[in-house]
Structure formats: structure tokens, C-alpha cells
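Peer 1: Below you'll find the structure I mean.
Here, each number is a calculation from the coordinates, and none is a lab measurement. Because the structure is a prediction, the values reported are computed rather than measured. Here the Cβ positions follow ideal geometry from the backbone for every residue, glycine too, while neighbour counts run over all protein chains shown.
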Amino acid sequence: MSRNNDAGSVSVVDPRAIWEQAFRKAKLRDVDFSTLSGDELQPVYGPDDVELDEHADLALPGVFPYTRGIHPSMYRGRLWTMRQFAGFGAAHETNQRFKFLLEHGQTGLSTAFDFPTLMGRDADDPLCKGEVGQVGVAISSLKDMESLMQGIPMDQVSTSMTINGPAPIVLAFYIACAEKQGVDPKVIRGTVQNDILKEYQAQHAWLVAPEPALRMITDVMAYCTEHVPNFNTISISGYHIREAGSTAAQELAFTLANGMEYVRRGVAAGLDVDQFAPRLSFFFDSHLDFFEEIAKFRAARRIWARKMKNDFGAKDPRSWMCRFHTQTAGVSLTAQQPENNIVRTAFEALAAVLGGTQSLHTNSMDETLSLPTEKAVKIALRTQQIIAEEVEVANVADPLGGSWFVESQTNRLEAEAERYFEEIEQRGGVVPSIQAGYFQSEIHRSAVRYQRAVERAQKRVVGVNCFVEDEAGPEIEIHRIDPASERHTVDSLRELRETRDAGQVQRELDAVRAACKDGGNLLERFVAAAHAYCTLGEIAQVLREEFGEFKEPKIL
Amino acid sequence: MGERRIRVLVGKPGLDGHDRGAKTVASVLRDHGMEIVYTGLHKTPEAIAEIAVQEDVDVVGLSILSGAHMELFPRVREALGARGMEHVLLVGGGIIPKDDIAALEAAGFSKLFGPGTNTDDIANYIKAEMQKRWTKEGADA
């Protein structure tokens, strides 16, 4: 019995003191207990660790500030969209993969383009030799878009297109393609990534300098508001920032800072915030740190809702909602023991679902070796289906809401993001910070720090720095791109150049050039140019000449 | 003034924008005392070889994650050769299937490093190779 004095009885009734005493005596494993991003963690969290106003900070799903999700019913109403990113080779080959995915229960399309397309170059450009169709599908003109969507009803399927620098041109091909299928652009659904700011910061597929690139984005917002109202005109992406090496907080902060910059530009171009903000969507990474990622998704919704309502004065609740797509972390996959990647991806996908994502791409196990095989893609899709159908996590919205740990991480990430917003503002805003290489340096520093932590085994990676096996692990099949794809795309383009109406092509390119100078809506011009079968490279070349190219700041 | 410093060109051939690996390796090599010249992104093989000549480097390290390595890596080697730089230590890394690694190593690349490589191993490899070369040069002179 220890009740001989008052101090003793206090220690008996205070569980925290009992725990602290016991914890101090415990022998701990000699490993790093910080988050994947390197933030220190306590061994346990309790109510004293979270400052929270339940109504102002959490509310309920579908209720401002949407920390707990954007829909009142969440996945009881509708599951997330299972959207596997796909694209390789010539357009007709990717068309086959699209049909394969639709037949296996995928509910939306997501297009990966090759580097020539991403950089606004035609397949027959000498700079593109060896790159055509390698990491995505090659789309040089409306003709390629027509074979990409052949037999796929564009009024029924929603399509996401991951392209940025030349996004307005490729979107024009898509719109023109719908028109040729006899589909009214007003009913087509999908998302064009069209997020140029993160290209300068992280992914590096740009076309022209930042200011004219931002003007094209406001042109897209303006045109689509009127003519293509069901298309998300921009997917503000943290994914590439994270994959380039950032921490979770940097991904969150830089992405939302970019989002706010687009809103400022839209407002400055004379658009009403509630006219275009509901069509903005986001795209995040889901990395391995399970709880930190869930907290990141929750923080993103809360920050965006507050900024849109309080700073930008948006009145339509849809403008306040941070809707997002998620992809599991490509960088977390290992070339060593590649089948383990299935398990990594499953955990990351689960975090995205518990974080309330609207759509999800799960990576395939073989993506550190090559583009995925059909078998690997199917396992990745099945992983999502198992989460949706078998593990019963889609029944309750925000199941981790109220967890002291998750709430404290959510608060921490929001506070870190706010500090970054101030820093960016002090540096003159997003574009000057890009030109000075600020984001690029921050991301690079985080990447090096993480790499060194892995190499010193402070961060463990199974198969890489622990549980290592001999080089000769299980052989898995590799998906190789047939060199015939490049030839096919180039031949088809040459044939197009010979058969189209050259006079009309020139007139449309001249009209694009005129709009560059006089401020006419460029997307409108691109749609007309698409119908005349002007190529991507031809249109992009006009833009490069008129707007100038981006000069990469030196950070090394 | 102490040891001769190894001069390394870190290059990104082609349209590929993935530079996390190239820049991380560049930083680590610099920490190992090497002088680093980074080409920046979207460079043609010829442009990379030109920079190698101007900067008079000992090592050229290329990074590519776009799948175009079988086209672009050999072209960098040819462009270096055309400029009298065939003596440089040529290494590379990226998403490169095993069969291609063997083919490139047979075609004049000293070594290719895949995902999961410890960056210190890259630095140590370069140091050891350059030591061998310089020792041989000293003996030949």
C-alpha cells in the first residue's frame, strides 16, 4: 500500500505521472522515432497535446471547414474513383490499355503522356528521338487523340490528363475530339492537371516562362467556365513536389500556396471566385508514414476552406472544398524485392482512404524497373477493390477524427504550412520564389537529408538497408516499349502533315500568334487550331517564340 | 595544396525532368570533396559533351529516368569521343533494366547505378577509379 502521504496518493491517481515514471525506466529500441519527414514524435498522445475547438476546427463531414471530409455521407454515398494512370507507346496501344482497365472495373481514365508531349514537342522532332511513347502515350495532334479515345464514349467516361506546360493545347485536342464524336463539350467530365507552378518547382516539364503560362491557365479557367463546365481546369499537385523529395509539410504548404496563387490570378483576370474555384481540384502523394499522411489530407481540407472563405471571400461552399486525387508514393517503391511494393502500396492507399480522398491511383510493384505490366496493374487495382469491399473502412467517415495523435499531427501540419505561407510572402510571392530557386532548394535539401538518413539506416527500408537479400532476387517480367511504336507515331504524323489543309493550318497558327499578342482567349484559338490538325509542336513553337522560355535557376 | 580534386559533370540528357537523383548524387559527391558541374535539365547529348570539354572534367555522370537511356547514353559517349573526351570516366544511373545495364557497360560505360544505390558507394567507386587512372598516368609519364 502506498497511501502513506498526499504526494503518494496524487501519483496514484495521475495516470500520466505513472506512465512517465514507467516510460523513463523502459528500455527503448535504438531507432529513429521521428516521422518520415523527420518531425519528432512523443511516445503517446493525450488530450493535453491537442488544442482543438471541436466546432471551429473539426465540425462534421460535409460541414465547414471540412477537416473530416467534404461529403456528409463520404464513402457510404459513393466510393472514391479508382483511377489508374496509364499510357505508353502509340495512341492505339494506350487505347487498348484503357479498354482493359474499364473492363476490369476501373471507373475513370487517367492519361500518362510521354516526354515529347509533356514538353510540347512533336514525335518527329529531332530532340525527341528515343523518347516517343516511352513513359506515356505520344499525342502530337487531334488525330492521335482520336485514336486514343476510339470506341470510348466521351460523354460517359471521365478522363484525367496529366499534362502541364502544353496542357491547354492537349485539352483543346480532347475538346475537339469530343466534338468529333458528336459529344457536346458541356457534358464531358475529367481533369486536366494544368498546374504549371509545381513544374518549375519540382517536376520540370515546362513550356514557357511563368507569367505567360499563368495567363494561359486563366484563359483555360475562363473558357471552361462557359464552354466545358464539367471539367476540372486544374489539379493543383503536391505529388511531384513530394516525389522530388519534399517533406509532408512542404508538400502541403507549397501546393496550397500554388492554389492560392491561381485563385489570385483568376480574380485579377476579372473572374468571380465562385465561378471558377469549384472546378479547382488537388492531387496529393500518399507516402509511407501512415498517420502523418492522414493528418496531411485533413489539414489540407481545413486550410483550403479557411483561406477560400476568409481570405478570398468565396461564398459558394463548393469553393471552400479541397477535393483531391491521391497517388501512392512512387519513390517509396524499391527495385529490390519488388513484390514487397504491393504491401507498401496497400498501406499508402489505406491512408489515402482514411484521409478521405476523392480518387486514387495505386502504383504497380514493378514501376522502379519499367512501366507496369498488365498483371502488375491489375494487382494494384485489386488492392483498391479489397480496401473498398473487404476491410470495412468505407463505412464510417473520418474514422481517425478525435484521435489525439492524428489531431495533433493535423494541427502541427497546419501550423507548419502557415509558416511557409509567411516565408513565401516575404520572398515576394510564388513566382519570385520560383525564379530565385527557393522551392527547388528547399525540396533538394529535404531529399538529401532523407537519402542520408536511409544510408545511415536511421530510416529503414526493407530490402535496401535491412532484410537485404542477394542481388539475384525473383525475376519479374518487364514491360518494354516496342520501338515500332515510335516509328508508327512518327509515320502517322508525317502522313497527317501531307494530307491536311496547309492553308488552314497556317491561318490557325497565325490566329494563335495574334491572340498571344492581343490577349484573346488562347484556349478558344487552340480548339480551332486542333480542328485544323495543327500539331502540338507547331502550336507550342508559336508560344515559345511569343512568350519566351523559362530559364532554370541554378541551385547547385 | 594537397590532393588533386576530381572534377565531375552531372548531366541530364533528353527531355526527362526527374532530377532528384542527379542533384542528390551531385551534393553527396561535393561532400566527398569533388568539384561538381551540373548541366541543368533538358540537355542534348552534344550540349553535355560541350560542357564536359569546357569544364575539362574527369568524370561524366548521367541520370535518366525516361526510358530513353539506350538512345541517349550511347549518343553522349559518341559526342564525347567526337570531342576527344573518350578518356573520361563515364557512369550513369536511373530506371534502367538489368539487360540494358549489361549492354551499356559493354558499350563503354564504366558502371551504372540503379535505384537503392548508396550514394557513398558511387563516390567511393569514382575515387577508386580515378586513383587507378592517375596512378597509371603517373607511371606512364
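Peer 1: Find which of B:T119, B:A47, B:H69 sits farthest along the positive direction of the dipole of segment B:7-140, computed with +1 on the beta-carbon of Lys and Arg, -1 on that of Asp and Glu, about the Cα centre.
Peer 2: Farthest towards the positive pole: B:T119.
Peer 1: Residues with amide H under 5 Å of B:K111's amide H, sequence separation 5 or more or different chain, H placed in the peptide plane at 1.01 Å from N; which?
Peer 2: For B:K111, whose amide H was placed from the backbone, the distant partners under 5 Å are B:G92.
Peer 1: Continuing with the same structure: What's the magnitude of the charge dipole for chain B around its Cα centre, counting Lys and Arg as +1 and Asp and Glu as -1 at the beta-carbon? Answer in Debye, nearest 20.
Peer 2: 180
Peer 1: Now, a different point. Given charges of +1 on the Cβ of Lys and Arg and -1 on the Cβ of Asp and Glu, with all other atoms neutral, how large is the dipole of the protein assembly as shown about its Cα centre, in debye to the nearest 20?
Peer 2: Value, rounded to 20: 620 debye.
Peer 1: Select from segment A:279-336 those trypsin sites (Lys or Arg not before Pro) which occupy a DSSP coil region and have at most 16 other Cβ atoms within 10 Å, ordered by residue number.
Peer 2: For trypsin sites (Lys or Arg not before Pro) across segment A:279-336 that sit outside H, G, I, E and B with at most 16 neighbouring Cβ atoms in 10 Å, the list reads A:K315.
Peer 1: Could you grab the relative contact order for segment A:108-188? Cα pairs under 8 Å, six or more apart, rounded to a whole percent.
Peer 2: Details: 105 pairs, mean separation 28.4, N = 81.
Rounded, it is 35 percent for segment A:108-188.
Peer 1: Gain in length, A:D30 to A:E469, computed as 0.36 nm per residue apart minus the alpha-carbon separation, to one decimal in nm?
Peer 2: 155.7 nm
Peer 1: Enumerate the helices in chain B for which the Kyte-Doolittle hydropathy averages 0.0 or more and the C-alpha atoms extend at least 27 Å along the helix's axis, using complete DSSP H runs.
Peer 2: Sorted by number, there is nothing, because no helix extends far enough and scores high enough.
Peer 1: How many lysine pairs are close in chain B, with Cα atoms under 28 Å apart and the two 8 or more places apart or on different chains?
Peer 2: 21
Peer 1: Something else now. Measuring from centroid to centroid over Cα atoms, what is the spacing of segment A:112-131 and segment A:358-415 in Å?
Peer 2: 32
Peer 1: A further question on this structure: Quick one: which residues, 5 or more positions from A:R189 or on another chain, have an amide H under 5 Å from its amide H? H modelled 1.01 Å from N in the peptide plane, none for Pro or chain starts.
Peer 2: A:T159
Peer 1: Above 24 angstrom, tally the Cα pairs of segment B:7-140 and express them as a % of all pairs, no decimals. Walk me through the intermediate numbers first.
Peer 2: Numbers: 1828 of 8911 pairs.
Tail fraction, whole percent: 21.
Peer 1: Sticking with this structure for a sec: Rounded to the nearest 0.05, what FRET efficiency is calculated for A:N395 and A:V63 with R0 set to 22 Å and r the Cβ-Cβ distance?
Peer 2: Values: r = 19 Å, r/R0 = 0.88.
Efficiency, rounded to the nearest 0.05: 0.70.
Peer 1: Enter the angle in degrees (range 0 to 90, nearest 10) between the Cα long axis of helix A:290-306 and the first principal axis of the Cα atoms of chain A, meaning the one along which they spread out most.
Peer 2: 70
Peer 1: I've got another one for you. Have a look at B:V88, B:V25, B:A107 and report the one farthest towards the positive end of the charge dipole of segment B:7-140, computed about the Cα centre with Cβ charges (Lys/Arg +1, Asp/Glu -1).
Peer 2: Checking the options against the dipole of segment B:7-140, the answer is B:V25.
Peer 1: Residue separation times 0.36 nm, minus the C-alpha to C-alpha distance between A:R264 and A:R456: what's the value?
Peer 2: Length gained, A:R264 through A:R456: 64.8 nm.
Peer 1: Sort A:S140, A:S403 so that the residue with the fewest other Cβ atoms within 10 Å of its own Cβ comes first and the one with the most comes last.
Peer 2: With the sparsest Cβ surroundings first, the list reads A:S403, A:S140.
Peer 1: So, one more: So which aspartates and glutamates pass the test for A:K99, namely a Cα distance under 15 Å, with those fewer than 8 places away in the same chain ruled out?
Peer 2: List returned: A:E146, A:E374.
Peer 1: For the pair B:T135/A:E495, report the inter-label distance in nm, with labels modelled 7 Å from Cα in the Cβ direction.
Peer 2: 6.1
Peer 1: Also, quick follow-up: For segment A:22-100 and segment A:202-257, compute the distance between their C-alpha centroids and round to whole Å.
Peer 2: 21
Peer 1: Tilt of helix A:248-268 relative to the longest C-alpha principal axis of chain A, in degrees (0 to 90, nearest 10)?
Peer 2: Result, in degrees: 50.
Peer 1: Just rank A:D53, A:D125, fewest to most, by other beta-carbon atoms within 10 angstrom.
Peer 2: With the sparsest Cβ surroundings first, the list reads A:D53, A:D125.
Peer 1: Could you point to the residue in A:G87, A:S73, A:F100 farthest towards the positive end of segment A:56-141's charge dipole, with +1 and -1 charges on the Cβ of Lys/Arg and Asp/Glu respectively?
Peer 2: Most positive-ward Cα: A:S73.
Peer 1: Starting from the Cα-Cα distance between A:K375 and A:E103, subtract it from 0.36 nm times their residue separation and give me the gain in nm to one decimal.
Peer 2: Contour length minus the Cα-Cα distance gives 96.5 nm.
Peer 1: Only counting other Cβ atoms within 10 Å, I'd like A:M308, A:M221 sorted with the fewest neighbours first.
Peer 2: So the residues, fewest neighbours to most, are A:M221, A:M308.
Peer 1: On to the next question. Within chain B, what's the longest run with no GluC sites (Glu not before Pro) in a DSSP loop and at most 12 other beta-carbon atoms within 10 Å? Give the range, please.
Peer 2: It runs B:4-85.
Peer 1: Across the protein assembly as shown, what fraction of all alpha-carbon pairs, as a whole percent, falls in each successive 20 Å bin from zero upward?
Peer 2: For the protein assembly as shown, the binned pair fractions read 17, 51, 27, 5, 0, 0 percent.
Peer 1: Okay, moving on. I need the calculated FRET efficiency for the pair A:D510 and A:Q150, taking r as the beta carbon distance and R₀ as 22 Å, to the nearest 0.05. Display every interim value, and only then the final one.
Peer 2: On the way: r = 31 Å, r/R0 = 1.41.
Taking R0 as 22 Å, the efficiency between A:D510 and A:Q150 is 0.10.
Peer 1: Percent relative contact order of segment A:4-98, based on C-alpha pairs within less than 8 angstrom and at least six residues apart?
Peer 2: 9
Peer 1: So if I take the centroid of the Cα atoms in segment B:86-120 and the same for segment A:481-508, what is the distance between those two points in Å?
Peer 2: 35
Peer 1: Under the definition of Cα pairs under 8 Å and six or more residues apart, what whole-number percent is the relative contact order of chain A?
Peer 2: Across chain A, relative contact order equals 19 percent.
Peer 1: Nearest 0.05, what FRET efficiency do A:R445 and A:N340 give at R0 = 35 Å with Cβ-Cβ as r? Mind showing how you got there, number by number?
Peer 2: Details: r = 29 Å, r/R0 = 0.82.
Here the calculated transfer efficiency is 0.75.
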